[in-house]
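**Student:** After the structure tokens below, expect a handful of questions from me.
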Amino acid sequence: MSDTYDVVVIGAGPAGENAADYAIQRGLTAAIVEAELVGGECSYWGCMPSKALLRPTEALEAAKRVPAAAAAITGEVDVAKVLQSRDAFTSNLDDQGQVDWLEGAGVRLVRGHGRLVGENDVEVTAQDGTVTRLEATKGVVIGVGTRAAHPPIDGLADVRTWDNREITGAKEIPGRLLVLGGGVIGVEMAQAFRRLGAAEVTVLEAMDGLLPREEPFVSDEVVAALDADGITVRLGARAEKVRRDGTDGPVTVTLAGGDELVGDELLVAVGRRAPTDDLGLDTVGVEPGRGGYIEVDDHLRVPGHDWLYVVGDANGRALLTHQGKYQARLVGDALAGIDVDPAWADVTATPRVVYTDPQVAAVGLTEAQAREAGHDVLTVSYNVGHTAGGALLGKGTDGTAQLVIDRERRTILGATFVGPGVGEMLHAATIAVVSEVTIERLWHAVPPFPAVSEVWLRLLEEVRKLDLAS
Ligand code: NAI
């Protein structure tokens with residue numbers, strides 16, 4: 001049996017769902033193929049459960065920083081309730097709500113594993129072996145996301161470990177948690193589990209800083225925050241060997257240099273891989289690159305295959321739900337024949353938020369990336385805790401805000417904020433970067449008093465000081 005749609009999407013994560021929905025909004029027909037849960041990694045094993053695990057203790061710590069409110073805190077966070085709330089945010093791994101949404105949007109859902117068998121031709125094999133053939137008239141969109149990557153460390157493949165799925169779905173808090181990788185998942189989950197009661201949490205990061213793709217001061221400030229929580233951070237830590245006693249006994253990680261660390265669980269968070277091995281890409285002459293990622297052009301199309309699009313993590317451009325959804329909006333329009341401006345489909349203005357306490361929020365280029373790209377760069381920084389709004393948030397409010405400015409064009413190339421709740425401040429910076437607003441014009445965007453966003457004025461004053469001095 002073969003069914004024909006304008007668009008066939010493989011993968012019903014946030015990116016795939018949006019590609020189908022936007023195509024339909026433009027008057028096309030669309031079918032979507034999903035092998036697991038409609039909603040994807042972010043809804044059930046990523047963004048949503050991880051934030052549900054972080055938010056309760058963040059709220060508690062925010063209250064503790066305000067002395068008069070701190071007096072009212074006489075107990076601990078209710079861990080059982082945190083886990084229940086996490087389960088509510090993930091609908092107990094039931095995707096009916098998302099299926100209803102898809103059907104309401106007019107998308108046909110086909111459950112099973114989708115695989116290309118030719119140009120605009122997809123075969124779906126359901127769990128019971130039933131095969132459905134879907135033909136597309138306008139294009140196929142791949143949005144298969146990523147899975148945790150496992151590095152080739154001696155013994156790692158032979159022992160039971162956790163990745164984002166097990167840790168975000170944990171039924172109890174382990175006593176000793178080892179975290180391999182000090183990237184986004186590593187730092188967020190280290191803090192969540194320590195604050196939810198893990199007695200010992202150790203982060204092992206191979207590079208000389210945490211979150212190594214961000215500004216160097218980010219690492220310093222996050223290390224200090226994790227240290228204050230009682231988390232051990234080992235930088236420059238190269239794991240050489242992993243072993244576990246039985247299935248549930250302690251797990252031991254041996255580092256280069258011989259140090260041994262013992263835990264009850266080991267979280268592997270060293271990056272991702274796109275599951276593109278069994279997608280039938282060979283049938284249309286496409287070969288995924290390193291990490292399984294499929295290369296696309298600025299229209300999110302596979303070069304040489306103008307009917308094949310890749311959105312979200314699987315194209316390796318930016319492993320972030322919001323960026324995947326943005327790509328999907330572009331593709332939905334492109335499939336309907338709308339001429340989209342691909343200028344921002346690259347990574348120039350990608351906003352990123354790490355939901356630790358303090359949060360890390362950044363958009364655009366870091367200072368080093370801007371210099372590497374050949375810009376004549378000016379940077380200014382200011383402590384968010386030194387604003388009136390920061391002081392009102394409570395004692396110990398601290399964190400750097402920094403702007404990276406193109407000296408010639410007087411526009412913002414990148415911005416980074418560290419501090420409590422700064423994720424909500426990021427969108428102003430994203431607008432400034434995308435709109436290429438000049439510093440002179442920004443003088444007239446007046447931040448409210450007494451809000452933490454007054455840091456924008458302080459940053460502009462720092463630019464002015466440099467201008468007056470030169
Ligand atoms: P990541 O790429 O952010 O970090 C991996 C870290 O592991 C790097 O710092 C790397 O230097 C380190 N590493 C690699 N091999 C290692 C080894 N053998 N031993 C020790 N350290 C090693 O990847 P992660 O944390 O797995 O996250 C995956 C993706 O999920 C990220 O791209 C991120 O953008 C996304 N994500 C986003 C979140 C958010 O937006 N708040 C939250 C969680 C994940």
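**Student:** Which of rounded, prolate, oblate describes region 231-310, given a ≥ b ≥ c as roots of the alpha-carbon gyration tensor eigenvalues and a/c under 1.5 marking rounded, otherwise prolate only if a/b is larger than b/c?
**Tutor:** Judged from the Cα gyration tensor, region 231-310 comes out prolate (a/c at least 1.5, a/b above b/c).
**Student:** Arrange the following residues from fewest to most other Cβ atoms within 10 Å of their Cβ: VAL262, VAL422, VAL9, VAL222.
**Tutor:** VAL262, VAL422, VAL222, VAL9
**Student:** For ILE338 and ALA157, what does the FRET efficiency come to when R0 = 41 Å and r is the distance between their Cβ atoms, rounded to the nearest 0.05?
**Tutor:** 0.35
**Student:** Moving on. As an exercise, identify the trypsin sites (Lys or Arg not before Pro) in region 330-403 lying in DSSP coil whose Cβ has no more than 16 other Cβ atoms within 10 Å.
**Tutor:** Those that pass, being in a loop and sparsely packed, are LYS395.
**Student:** At 0.36 nm per residue, and after removing the present C-alpha to C-alpha distance, how many nm does the segment from LYS171 to SER91 gain when stretched out fully?
**Tutor:** Additional length available on full extension: 27.3 nm.
**Student:** Further question: Among 359-365, 273-279, how do they line up by average Cβ neighbours within 10 Å per residue, starting with the highest?
**Tutor:** The packing order, highest mean first, is 359-365, 273-279.
**Student:** Still on this structure, I have one more. Could you work out the Rg to Rh ratio of region 358-469, with Rh taken as the Kirkwood radius (inverse of the mean 1/r over all Cα pairs)?
**Tutor:** Rg/Rh for region 358-469 comes to 0.95.
**Student:** Please give the peptides 285-296, 185-196, 426-437, 404-415 ranked by average Cβ packing (other Cβ atoms within 10 Å per residue), highest first, as a rough proxy for protection.
**Tutor:** 185-196, 404-415, 426-437, 285-296
**Student:** Quick one: check the C-alpha center-to-center distance for region 348-405 versus region 1-77, whole angstrom.
**Tutor:** 25
**Student:** Contact order normalised by length for region 156-270, with contacts defined as Cα pairs under 8 Å and 6 or more residues apart; what percent is it?
**Tutor:** Rounded, it is 35 percent for region 156-270.
**Student:** Give me the net charge for the shell around PRO288: Cβ to Cβ below 12 angstrom, other residues only, Lys and Arg +1, Asp and Glu -1.
**Tutor:** Charge balance near PRO288 sits at -3.
**Student:** In terms of the Cα gyration tensor, with a ≥ b ≥ c the square roots of its eigenvalues, is region 180-339 rounded because a/c is under 1.5, prolate because a/b exceeds b/c, or oblate?
**Tutor:** prolate
**Student:** P(r) of the chain in 20 Å steps, Cα pairs, percent per bin?
**Tutor:** P(r) over the chain, rounded to whole percents: 22, 52, 25, 1.
**Student:** Ok, one more. Please list 3J(HN,Hα) in residue order for region 400-417, calculated via the Karplus relation 6.51 cos²θ - 1.76 cosθ + 1.60 where θ = phi - 60°; whole Hz, with x for glycine and proline.
**Tutor:** Ordered by residue, 3J(HN,Hα) equals 8, 10, 9, 10, 9, 10, 7, 4, 6, 8, 6, 10, 8, 9, x, 9, 9, 10 Hz.
**Student:** Below 8 Å between Cα atoms, with a sequence gap of 6+, how large is the relative contact order for the chain in percent?
**Tutor:** It comes to 15 percent, rounded to a whole number.
**Student:** Kindly rank 442-454, 155-167 from highest to lowest mean number of other beta carbons found within 10 Å of each residue.
**Tutor:** Averaged packing, sorted descending, gives the order 155-167, 442-454.
**Student:** Go through region 235-242 residue by residue and turn each phi into a ³J(HN,Hα) via Karplus (6.51, -1.76, 1.60, θ = phi - 60°); whole Hz please, and just put x for glycine and proline.
**Tutor:** Per residue, the Karplus-derived 3J(HN,Hα) values read 8, x, 9, 9, 6, 10, 8, 10 Hz.
FYI, it's all coordinate maths here, none of it is from the lab. Bear in mind the structure is a predicted one, so any value in this text is a computation, not a measurement. Glycine also receives a Cβ, built like all others from the backbone with ideal geometry; neighbour counts cover every protein chain displayed.
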